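This report refers to the structure that appears directly beneath it.
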Amino acid sequence: MPISRSDLADFSYFLAIARHRSFRRAGLEVGVSASALSHALKGLETRLGVRLLNRTNRSVTLTAAGEALFAAIEAPFTAIGSAAEVLNRYRGEPVGRIRLNVLQHASALLLAPVLPVFIERYPDIEVDVQVSNHLLDVVEAGADAGIRYGGTVPEDMIAQRLSADIRWVVAGSPDYLARHGVPAHPTDLLVHRCHRIRLGNDRIYRWDFERGGETLALDVPGAITIDDTPFVVSLATAGAGLAYLPEPVVAPLVERGALRIVLEEWSSTGPGFHIYYPSRRQLPTGLRLLIELIRELRPLDL
């Protein structure tokens with residue numbers, strides 16, 4: 001059957017829906033409302049004479065015909081996108097849009113210092129950042145790349161280091177330490193008020209410590225469990241308890257006297273930030289330029 005211009009657009013919409021299994025998330029990727037996507041897919045199915053999707057209020061799945069179409073056209077459409085991206089290198093000024101899914105720490109410590117310079121240097125590149133501590137699949141989330149701590153990057157992704165390894169410290173306000181005492185050993189934390197950390201997979205993080213060849217991982221006590229760093233910092237500076245944070249987050253507060261680091265000789269060092277993306281995709285020019293700028297400015301050393 002002849003392929004029209006509208007068919008090509010609807011095929012691209014179908015691919016986004018097939019990847020995300022969600023009209024809402026697919027719409028965010030292609031910049032079209034969920035209702036418009038639904039209308040386009042119904043038209044495509046009518047023209048093709050087959051049902052491509054099974055849709056309910058709770059889920060979107062591919063039919064056998066949908067699976068076959070997805071397998072047949074995904075690679076050609078990816079190749080077209082890669083070819084268009086190659087042309088971007090020949091423009092006088094790079095254009096385009098990059099979508100990132102990043103941890104909260106990475107947004108504050110890596111991107112916040114770099115993006116003002118980036119948008120000044122490359123004004124025609126749009127940057128769409130989703131900040132989430134949940135360990136999302138960046139492809140399913142519609143992102144070009146994600147930023148996580150090393151060691152948590154999926155094995156099927158290409159990863160590039162963006163920072164040096166990061167030191168983690170325990171800190172509390174001078175008022176809290178005056179009232180409850182200064183811990184001299186990590187096990188002293190078992191009688192302190194600690195702000196517990198919920199990880200992206202909903203596990204509670206055990207605070208890591210190391211000194212010489214000795215290592216400890218403690219499930220610290222605490223009435224408050226949080227997955228939001230600014231909230232943790234606010235509580236710690238208010239004297240509500242001890243916090244376990246990356247040293248770059250704590251350093252400005254220590255300098256102002258709002259927090260004090262304790263158990264410093266027991267501080268552990270963890271892997272730094274890595275950016276990761278699917279190996280089968282052409283690296284977007286904007287993403288390549290952002291990686292280069294982070295390495296140029298070195299907000300967390302490298």
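The values are calculated or read from the model by the stated rules, or taken from the named source; none is laboratory data. All values derive from a computational prediction rather than experimental measurement. Every residue, glycine among them, receives a Cβ derived from its backbone with ideal geometry; neighbour counts consider all protein chains shown. For accessibility, only protein heavy atoms count, side chains too; no ligands or nucleic acids. Shrake-Rupley method; radii C 1.70, N 1.55, O 1.52, S 1.80 Å.
Below are the figures for this structure:
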{"item": "Of residues in the stretch 254-280 being surrounded by 15 or more Cβ atoms within 10 Å (Cβ to Cβ) and within 18 Å of the chain's Cα centre (by Cα), the one modelled with the lowest pLDDT", "result": "278"}
{"item": "Among (1) under 30 Å from residue 297 (Cα atoms); (2) modelled with pLDDT under 95; (3) of a type in the set (Val, Ile, Thr) - the single one residue 169 does not satisfy", "result": "(2)"}
{"item": "Failed condition for residue 201, given (1) of a type outside the set (Val, Ile, Thr); (2) over 27 Å from the mean Cα position of the chain (by Cα); (3) exposed (fewer than 12 other Cβ atoms within 10 Å of the Cβ)", "result": "(2)"}
{"item": "Conditions (1) of a type outside the set (A, V, I, L, M, F, W, C); (2) over 26 Å from residue 285 (Cα atoms); (3) surrounded by 14 or more Cβ atoms within 10 Å (Cβ to Cβ): number failed by residue 154", "result": "(2)"}
{"item": "Counted residues, the stretch 124-141 - those being assigned to a loop (DSSP other than H, G, I, E, B) and surrounded by fewer than 21 Cβ atoms within 10 Å (Cβ to Cβ)", "result": "10"}
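One line per residue, one yes/no per condition, for (1) part of a strand (DSSP E or B); (2) open to solvent by 20 Å² or more (accessible area, probe 1.4 Å):
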{"residue": "170", "(1), (2)": "yes, no"}
{"residue": "195", "(1), (2)": "yes, no"}
{"residue": "217", "(1), (2)": "yes, yes"}
{"residue": "221", "(1), (2)": "no, yes"}
{"residue": "233", "(1), (2)": "no, yes"}
